[in-house]
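Note sheet for the following structure.
Since every read-out is calculated from the coordinates, none of them should be taken as a lab result. For clarity, every value in this text was computed on a predicted model and none was experimentally measured. As a convention, Cβ positions derive from the backbone with ideal geometry for all residues, glycine included, and neighbour counts pool all protein chains shown.
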Amino acid sequence: MTEPARHPDIQPTMADMRLVIAASSMGTIFEWYDFFIYGTLAAIIGKTFFHTADPTLQLLLAWAGFAIGFAFRPLGAILFGFLGDRLGRKYTFLVTVTLMGIATSGVGLIPSAARIGIAAPLLVLALRVMQGLALGGEYGGAAIYVAEHAPPSRRGFFTGFIQASVVGGFVLSLVVELGCKALMSDTVWNAWGWRTPFLISTLLLAISLWMRLKLSESPVFRAMQAEGELAGNPFTESFTYPGNKRRLFIALFGIAAGLTVISYTAMFSTLSFLKSAARVNDTSAEIIAGLGAALGMASFVWFGRLSDRIGRKKPIVLGYAVTLLALFPLFWAIGHVANPGLAAQAARAPVVVSGPDCDYQPFSSEQATNCGKLLSDLASVGMPYTLRDGTTLAVTVAGAPLPLAGYPWADKAARPRVLQDDFARFGYKLGKVEPSRSAALLLIVLLAVVMGLSGATYGPVAALLSEMFPARIRYSSMSIPYHIGTGYFGGFLPLIASYIVARTGNPYAGLWYTWAVVVVALLVALWGLRGGPPRDFADDAVPTA
């Protein structure tokens, strides 16, 4: 089976293509804004809905809620993939954007845990499930819709705008948050103002629906309708269609898993790193991350267009390989530029913790042993440390012992303050810093480079996945592996990376998760992705080097 021929009377004009790209991209921006605003405000969400005395645990619980939404994306992919292949691309992603808008607005209306107790986090998790279901159907619909309108020679270029729209949603979430904070006092923002970005989702929903209602159905889907070629059960057929299991495996492990951990590292890990380990002022960190992401967005369209000329495989494989070589050096550079004093002091006066029972459990509200409590306190102030075995609990800074005799072990709130005062005597400045203008500009460039790695691996993918699968089951076959990969490998990245950092005391250790997943993705992509120029799906297509 080959791609269904389009009827001459339903060929899109360039004016049609501009509307298709604009409406699909804007809708995708708004929908990812809805999803990312939770991640952008993870710290305050943790305080409001997952209240606990341990700030590290608060953040981990908030990231767990973030991961829950991703965990339900594959189910949304199955449900809306079925509808998209049976009922059409257009109406399916009208439903997904509506569901997303309602769920996001709802988060802004939930009372705090202090008022309604356990019901608060449960309601947040329920709405995150709704968001995950909606997003599971959104991306595949928008990407396929544009791909099926685009001429084959420009498919990578046109779908590159959909890929860039994902980052656009992240940037928009930062812009709205910063704009709201600028218009409010800190007291108002912390009390209720942080809910405003969630409620703005209602306006974004109205704009998305207005734009998408103007669209007509995909010409490829209409051709299949006219020819009676629609799949009876797209989900089942995705696993029974000849050769499709192999394609699903490649799409999951060679494409979705790799591109997503790079993308979320470029967005969330960089922002979290600036705020925590680098101790950059929160507002400055968000501005720098937003500008870096916005600058890097162009790479998604550029690599999509490049893939039209040199094929889809080369940019993706190259992006994976460069990521493996450059990921750690880029983050080391970010750390040194953002807070050179802290980086230099950590090198001059390394912190070493030794003692018995030094088993730190990040998900415990309070650690069982004094060593565990000390590690928790170090993690809460962003202090890197090295852990060694010992018979007696001790902390040394540049080889000199830190006095622990008067440490307030029973007062959890006071311990981090005491710890900061103790480290100040050794030259550590653990307060928030404001990067200089030149440092901020260099950080923006470094973050744009990290985002460019995501552009290389993400930009060509909407076109690639559309070309990998037969049109009759394309929505399901593309969405299922994509959202399993992004939902589990990517969605759990902030949680897993934060956990690794908290357990090791090394602010860079969480990057090993990204590195390991990219290694697997590179090997699968080298083995399974088809080389050569782009081409439409055909049953007899075989991989070439």
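Projecting the Cα atoms of Leu75, Met297, Trp192 onto the dipole axis of the chain, where Lys and Arg carry +1 and Asp and Glu carry -1 at the beta carbon, places Met297 farthest toward the positive end.
All C-alpha to C-alpha distances of region 345-424, sorted into 10 Å bins beginning at zero, yield P(r) values of 18, 58, 23, 1 percent in whole numbers.
When each of the peptides 283-293, 367-377 is scored by how many other beta carbons lie within 10 Å of its residues on average, the order from highest to lowest is 283-293, 367-377. Dividing the radius of gyration of the alpha carbons in region 428-477 by their Kirkwood radius gives 1.39 for Rg/Rh. Think of it as helices only: each DSSP H run of n ≥ 4 in the chain is worth -39500 (n - 2.57), and spread over all residues that comes to -21500 deg cm²/dmol at 222 nm. When DSSP beta bridges are restricted to pairs lying wholly in the chain, around 60% turn out antiparallel.
Straight Cα distances below 30 angstrom link Lys245 to the lysines Lys90, Lys313, Lys314, with same-chain residues fewer than 8 positions distant left out.
Report the net charge of residues surrounding Ala343, where surrounding means a beta-carbon distance below 12 angstrom and charges are Lys +1, Arg +1, Asp -1, Glu -1. Working shown, then result.
Working: positive: Arg279, Arg348, Lys429; negative: none.
Once all neighbours under 12 Å are counted, the net charge is +3.
Taking the Cα centre of region 345-424 as origin, sum charge times position over the Cβ atoms of Lys and Arg (+1) and Asp and Glu (-1), and report the length of that vector in debye to the nearest 20.
Once rounded to the nearest 20, the dipole reads 180 debye.
Once you list every other residue whose beta carbon is under 10 Å from the beta carbon of Gly528, what net charge do they have if Lys and Arg are +1 and Asp and Glu are -1? Net local charge, Gly528 excluded: +4.
Could you compute the net charge surrounding Leu306? Neighbours are other residues with a C-beta less than 11 Å from the C-beta of Leu306; K and R count +1, D and E count -1. Mind showing how you got there, number by number?
Values: positive: Arg305, Arg309, Arg312, Lys314; negative: Asp308.
Taking every Cβ under 11 Å from that of Leu306, the sum is +3.
Report note on the peptides 168-176, 483-491: ranked by the mean count of other C-beta atoms within 10 Å, highest first, their order is 483-491, 168-176.
With the convex hull built on the Cα atoms of the chain, state its orientation-averaged projected area in nm². Please report the intermediate quantities before stating the final value.
On the way: hull surface 100.2 nm².
That works out to 25.0 nm², a quarter of the Cα hull's surface.
Projecting the Cα atoms of Ala509, Ser201, Leu135 onto the dipole axis of the chain, where Lys and Arg carry +1 and Asp and Glu carry -1 at the beta carbon, places Ala509 farthest toward the positive end. Multiplying the residue separation of Thr240 and Ala114 by 0.36 nm and removing their Cα-Cα distance gives an extension gain of 40.3 nm.
In this model, which of Lys47/Lys275; Lys373/Lys412; Lys181/Lys432; Lys47/Lys181; Lys181/Lys275; Lys275/Lys412 are farther than 20 Å apart at the alpha-carbon?
Working: Lys47/Lys275 16 Å; Lys373/Lys412 9 Å; Lys181/Lys432 18 Å; Lys47/Lys181 17 Å; Lys181/Lys275 17 Å; Lys275/Lys412 22 Å.
Check vs 20 Å cut-off fails for Lys275/Lys412.
For the chain, the dipole from Cβ point charges (+1 on Lys and Arg, -1 on Asp and Glu) about the Cα centre works out to 520 debye, to the nearest 20.
Dipole of the chain computed with +1 at Lys/Arg Cβ and -1 at Asp/Glu Cβ about the Cα centre; of Pro408, Leu446, Ala113, farthest Cα towards the positive end is Leu446. For the pair region 68-128 and region 241-307, the centres of their Cα atoms are 22 angstrom apart. Computed over the alpha-carbon atoms, region 199-284 gives an Rg to Rh ratio of 1.18, Rh here being the Kirkwood radius from the mean inverse distance. Computed on the chain, with alpha-carbon pairs under 8 angstrom and 6+ residues apart, the relative contact order is 27 percent. Cysteines in the chain lacking any other cysteine Cβ under 4.7 Å from their own Cβ: Cys180. Across all C-alpha atoms in region 65-205, the radius of gyration and Dmax reach 17.3, 57 Å.
Based on a Kirkwood Rh over C-alpha pairs, give the Stokes-Einstein translational diffusion coefficient of region 443-545 at 25 °C and viscosity 0.890 mPa s in µm²/s.
On the way: Rh = 16.1 Å.
The diffusion coefficient I find is 153 µm²/s.
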